[in-house]
Amino acid sequence: LHPQGQLLAKSWSSLFEGQAGAALRGPIYSFNGRNVLTDPLWPRRLAWHGSTQRGGQARKRDCQGWHSSGPGEGLAAPLGEGRLLAGQRHNCSEA
């Protein structure tokens, strides 16, 4: 369950089933309570994860262990499409 009471997925394992993970349900909130799907502070609406479609670590696709904002790439999923582990490559310098 999401801190605001919404169900994000049926189960932990359902996040990793299928081609690109589970379809997310409802809004997604940042730690400060903003809805990242509608808030203008989140223009790209990406979930950076660096994971394969099965939930494993995607080597060299995690912006150097999430310590780099320079060259390199990470895998992220567009939240509006509702697939948590859909891996699209993005430059680590993207906001």
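Across the protein chains, with a 1.4 Å probe defining accessible surface, the residues Arg61, Arg44, Arg54 rank Arg54, Arg44, Arg61 from largest area downward.
Once the chain from Thr38 to Ser68 is taken as fully extended at 0.36 nm per residue, the excess over their C-alpha distance is 8.1 nm.
The values are calculated or read from the model by the stated rules, or taken from the named source; none is laboratory data. Just so we're clear, the structure is a prediction, and the values are computed from it rather than from any experiment. Calculation scope for accessible area: heavy atoms of the full protein, side chains included, ligands and nucleic acids excluded. Shrake-Rupley method; radii C 1.70, N 1.55, O 1.52, S 1.80 Å.
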